[in-house]
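The values are calculated or read from the model by the stated rules, or taken from the named source; none is laboratory data. Computed from a predicted structure; not experimentally measured. Cβ sites come from the backbone with ideal geometry, for glycine too, and all protein chains shown count toward neighbours.
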């Protein structure tokens, strides 16, 4: 398993030790307002920038888009954000006109309580689809939420955006850049319905670096391509997912630009945050017992490598074999054969970590099923497949398909 | 649930009462030769036509094709078949040159024992991928298998082609056609790795009608399109699947042609056999507790309707909700949104049987979750979705995704 890239000289902290290390000029809070059935479960989060931040966003490509996705996508186009209000426990999706009004009301009540323009307030929701939001609880929850805003509130906020997640996903990176100390904080939620094609889950990344809005968008897009869009749990794609990147410039008045030497270390730190969050989501995959990297090498193009990797990562038969720790490589070959790309099965090599499994399309001559099984008994391992059709490669991170996944998802809405 | 179409005046028998009702001039046998680990489990089947039969076949579109698929596809092109030798317990897939030699040896030993040309012997295999066939057992099994050939042997043969199937799938239809009594017998195996794109499983259909080889192919293709290609369990596609249709003319010397009135009743009876087998496969889906028909109406084209239906049928989140008897229609909307077709979510209506669930994209005004739940508590039910984008429709039959499915597939090869 390739670890998340960590550049030298950076100071990474996740979950526990977050106090006081958030990006300057940002505050956050998370409270329970009664959307979730469980008493005291946090379900309302607020992220606030003391000054207007530049913002970029990527949104679900699902044709069925939740009301908050529509509302936020429109506001992100203006490129300026002061606050983000998020609820969990209810997706406000497939809720029609009422859903749009409710998303608008969340924005306006938040803007009013903060005394800022509603055009600068974004909104996100996650949870069950098709039920109207309990607006009274949310509206009554916003003033106390605002009252709790603090530079130490990010852990609470990260908890308040969880649904079936078993733990909050949050990380900070600090990186010295040209005399300034820049901080990047990311939080995410997601444990199922994770799939590329979109901004794959809720992920909010805040930095006190100064970056123009027009440079924020391509940066976010590039980061998502190699991180959030390379993880998959069940191939389902949500109606609600979004990734937002906010930069308020509180740590530096000098804007960062892609053509200068300060850009690269910042970009590395940002992508490390995104990579960490993406991997955290897979590690918290619903009911998963394994984290598996599917690495396709020797492909004609990155796109073809991705196609094969995702086809394997989404095959229920492959995923159940991982769950069973069963070196049933025939299912991998069968899945590859339906990926819609051209290759010669008799040229394919497969490895589990560094153990040879398939050579030229058949069981490797010295294949040792005991050793193969040992690899699969680990919690994390890597399946490497060489197609021998070219020089491109791509990796995808996925989970197994367990009985527990089925149990979780058979009873989620009830 | 729409029952399989059964035309008036036909005489359908399945499983139990098969003795003596097979198509004239065909014999079959099934024995245990020791491929399967379980003592006495039948794993070698033979189907034999006393005279040369015309044959048509459809084969897996998986790029990774098993040796017997390659061998049989080539022979079917000649259009003539006398015998079909089939083993279960081992797929002879991803077995390289040796696999091709082994498939050839199965053909030649069978041809020798029957005293017929090897060009007229077809071969099929099903089971685990990537292991060489135990050829000694198979070669020693063929002479006693031939010795057991009998017009009453079809039930044994149907049992000998099973893998994870919990019961044999076999049916006969008799239909009077222009003074002749034509019999059609079909058998199939398959309980997982069932998916369209191919001949979806092993299915062998024998009739004593007289049909030209050139008319058999389009007939088989049309039948598969509306039956085997409309069922799906897990979206995985096998390396080994094939559907064969044999017609030996033993009941009639007058060939049937599509332009005459005798054709339609024959075609109806044939498609009823195929429909029955396809439904039997879904009903025997690995670990399934539900059989669900996904019916898409109001689509722009049949192809678009199929795309949406399969996207829903393959969504793990939708399938686990069915398992949980959970009227979580938001997952259906979310799956539809990623089917790659254009529609307006605010025009969508959804029904569970005849209970309104979604109207114009949101929860139906009078929605009664208790009634919805009652529908989902049945073993078989229908989900009807109106897209309001056109007049085309298509139905797909699928299963739920249960904890038992995961258990079966986590331990299959071991």
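On the basis of being under 18 Å from residue B:76 (Cα atoms), modelled with pLDDT of 90 or more and surrounded by fewer than 17 Cβ atoms within 10 Å (Cβ to Cβ), does residue B:260 make the cut? Full working, then the answer.
Values: under 18 Å from residue B:76 (Cα atoms): no; modelled with pLDDT of 90 or more: yes; surrounded by fewer than 17 Cβ atoms within 10 Å (Cβ to Cβ): yes.
When the stated conditions are applied, residue B:260 does not pass them.
Is it the case that residue A:397 is in contact with a helix residue (DSSP H, G or I) (Cβ under 9 Å, 6 or more places away or on another chain) and in a helix (DSSP H, G or I)? Give the steps one after another, and end with the answer.
On the way: in contact with a helix residue (DSSP H, G or I) (Cβ under 9 Å, 6 or more places away or on another chain): yes; in a helix (DSSP H, G or I): no.
No; evaluated as a whole, the condition is false for this residue.
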Quick test of your reading of the structure: residue B:62 fulfils all but one of (1) within 14 Å of chain A (Cβ to nearest Cβ); (2) in a helix (DSSP H, G or I); (3) buried (at least 17 other Cβ atoms within 10 Å of the Cβ). Name the failing condition by number. (2)
Go through the residues of region A:366-380 one by one and say whether even a single one is touching a helix residue (DSSP H, G or I) at 6+ places or on another chain (Cβ under 8 Å), closer than 26 Å to residue A:226 by Cβ and at pLDDT 90 or above. no
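Here is a yes/no grid of residues against (1) under 21 Å from the mean Cα position of the chain (by Cα); (2) modelled with pLDDT of 95 or more:
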residue	(1), (2)
A:64	yes, no
A:94	no, no
A:117	no, yes
A:128	yes, no
For residue A:271, the lone unmet condition from (1) in the same structural domain as residue A:174 (by TED's automatic domain parsing); (2) touching a strand residue (DSSP E or B) at 6+ places or on another chain (Cβ under 9 Å); (3) in contact (Cβ under 8 Å) with a residue 60 or more places away in the chain is (2)
Considering region A:363-385 alone, what residues qualify as being buried (at least 18 other Cβ atoms within 10 Å of the Cβ), more than 11 Å from every other protein chain (Cβ to nearest Cβ) and assigned to a strand (DSSP E or B)? A:381, A:382, A:383, A:384, A:385
Can you name the residue in region B:346-362 that is assigned to a loop (DSSP other than H, G, I, E, B) and within 8 Å of another protein chain (Cβ to nearest Cβ) and, of all such residues, is surrounded by the fewest Cβ atoms within 10 Å (Cβ to Cβ)? B:360
Give me a count of the residues in region B:280-302 that are surrounded by fewer than 21 Cβ atoms within 10 Å (Cβ to Cβ), touching a residue at least 12 places away in the same chain (Cβ under 8 Å) and assigned to a helix (DSSP H, G or I). 1
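Counting only residues that are over 26 Å from residue A:24 (Cα atoms) and outside any loop (DSSP other than H, G, I, E, B), how many does region A:123-154 have? Write out each step before concluding.
The first filter runs over region A:123-154 and keeps only residues over 26 Å from residue A:24 (Cα atoms), leaving A:126-140.
Remaining after also requiring outside any loop (DSSP other than H, G, I, E, B): A:126-128, A:135-140.
Qualifying residue count, region A:123-154: 9.
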Residues satisfying the stated conditions in region B:23-42, i.e. within 17 Å of residue B:168 (Cα to Cα) and touching a helix residue (DSSP H, G or I) at 6+ places or on another chain (Cβ under 6 Å): B:28, B:29, B:30, B:31, B:42
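Each row is one residue, and each column tells you yes or no for (1) within 13 Å of chain B (Cβ to nearest Cβ); (2) in contact with a strand residue (DSSP E or B) (Cβ under 7 Å, 6 or more places away or on another chain); (3) not in a loop (DSSP other than H, G, I, E, B).
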{"position": "A:70", "(1), (2), (3)": "yes, no, yes"}
{"position": "A:74", "(1), (2), (3)": "no, no, yes"}
{"position": "A:78", "(1), (2), (3)": "no, no, no"}
{"position": "A:82", "(1), (2), (3)": "no, yes, yes"}
{"position": "A:86", "(1), (2), (3)": "no, yes, yes"}
{"position": "A:93", "(1), (2), (3)": "yes, no, no"}
{"position": "A:102", "(1), (2), (3)": "yes, no, yes"}
{"position": "A:106", "(1), (2), (3)": "no, yes, yes"}
For residue A:109, which of the numbered conditions (1) out of contact with any helix residue (DSSP H, G or I) (no Cβ under 6 Å at 6 or more places or on another chain); (2) closer than 21 Å to residue A:67 by Cβ fails to hold? (1)
Counting only residues that are touching a strand residue (DSSP E or B) at 6+ places or on another chain (Cβ under 8 Å) and part of a helix (DSSP H, G or I), which one in region A:315-345 is nearest to the other protein chains (Cβ to nearest Cβ)? A:330
Can you name the condition, by its number, that residue B:394 falls short on among (1) under 27 Å from the mean Cα position of the chain (by Cα); (2) more than 8 Å from every other protein chain (Cβ to nearest Cβ); (3) surrounded by 19 or more Cβ atoms within 10 Å (Cβ to Cβ); (4) under 30 Å from residue A:403 (Cβ atoms)? (4)
